[in-house]
Amino acid sequence: MELLVCLVIITVVMTALATTFYASTKAITGSGYRMANTHDGQVAASWFLSDMQSSDTVDTSATDASCNGATPAALIRFTWIGWDQTPPIKKIAVYRVVTTGTERQLVRDYCEGPGVVALVNTIVIAHNLAPSGGASDPSVKCAATANGALAACPSTPTKEALAQLTATAQSMAADDIAANGTTYSYVIRAVRRET
């Protein structure tokens with residue numbers, strides 16, 4: 001009889017421990033996803049703000065064959081002159097979406113050169129973008145002034161020009177998204193530095 005009671009108590013305790021372990025593991029996994037998405041948003045904001053503030057020209061309709069080639073098309077391209085060097089150097093930052101394996105990424109190509117502009121580096125600034133198609137695709141909109149309606153980017157932005165990058169990350173597993181009903185979206189707005 002004592003053995004039977006002992007088995008029942010052990011079963012109850014083990015069930016409680018297993019449930020707690022499962023719940024904590026899911027919470028830790030979810031926190032990891034949210035931390036990764038938040039980090040990507042911070043990195044994207046840092047680069048995007050810096051590039052917009054430095055830019056002399058902004059372009060959302062063309063790629064730069066000398067910088068990142070023709071494909072995939074750029075979301076936005078910032079161009080400026082580095083006057084701190086002799087001779088002055090043309091600098092270009094191109095944002096585009098690429099697929100590496102099964103992961104969609106937002107990357108930044110940085111190119112520079114006094115004559116021929118060449119690719120210096122490519123960095124991934126956001127991982128696990130939501131699948132292509134629909135409203136969750138990364139997009140860039142612009143306004144001529146910080147208070148204007150967002151539309152096409154002016155090729156030569158004024159000192160009050162505004163650019164807005166919108167991206168949605170989906171690093172959670174499909175069952176987690178179904179359970180939580182959410183992905184991680186962020187909107188980054190940048191204004192040109194006053195000259």
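So here's what we get for this one:
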{"item": "Options Thr99, Thr25, Thr79: the member that is in a strand (DSSP E or B) and without any contact (Cβ under 8 Å) to a residue 24 or more places away in the chain", "result": "Thr99"}
{"item": "Residue check, Lys26 modelled with pLDDT of 85 or more, more than 16 Å from the chain's Cα centre (by Cα) and of a type in the set (Lys, Arg)", "result": "no"}
{"item": "Output for region 79-138, where each listed residue is of a type in the set (S, T, N, Q) and under 15 Å from the mean Cα position of the chain (by Cα)", "result": "Thr99, Thr100, Gln105, Thr122, Asn128, Ser132, Ser136"}
{"item": "Residue count for region 127-156, restricted to those that are small (Gly, Ala, Ser) and either at pLDDT 75 or above or surrounded by 11 or more Cβ atoms within 10 Å (Cβ to Cβ) (or both)", "result": "10"}
{"item": "Answer residue from region 157-174, given it is more than 18 Å from the chain's Cα centre (by Cα) and not aliphatic (A, V, I, L, M) and is modelled with the highest pLDDT among those", "result": "Glu160"}
{"item": "The listed residue being farther than 23 Å from Met52 by Cβ and either modelled with pLDDT of 75 or more or crowded, with 20+ Cβ neighbours inside 10 Å (or both), out of Val124, Val116", "result": "Val116"}
{"item": "Residues satisfying the stated conditions in region 93-125, i.e. in contact with a Phe, Trp or Tyr (Cβ under 7 Å, 6 or more places away or on another chain) and of a type in the set (A, V, I, L, M)", "result": "Ala93, Leu106, Val120, Ile125"}
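The values are calculated or read from the model by the stated rules, or taken from the named source; none is laboratory data. Keep in mind it's a predicted model, so treat the numbers as computed, not measured. Don't worry about glycine lacking a Cβ; one is built from the backbone with ideal geometry, like all the others, and counts go over all protein chains shown.
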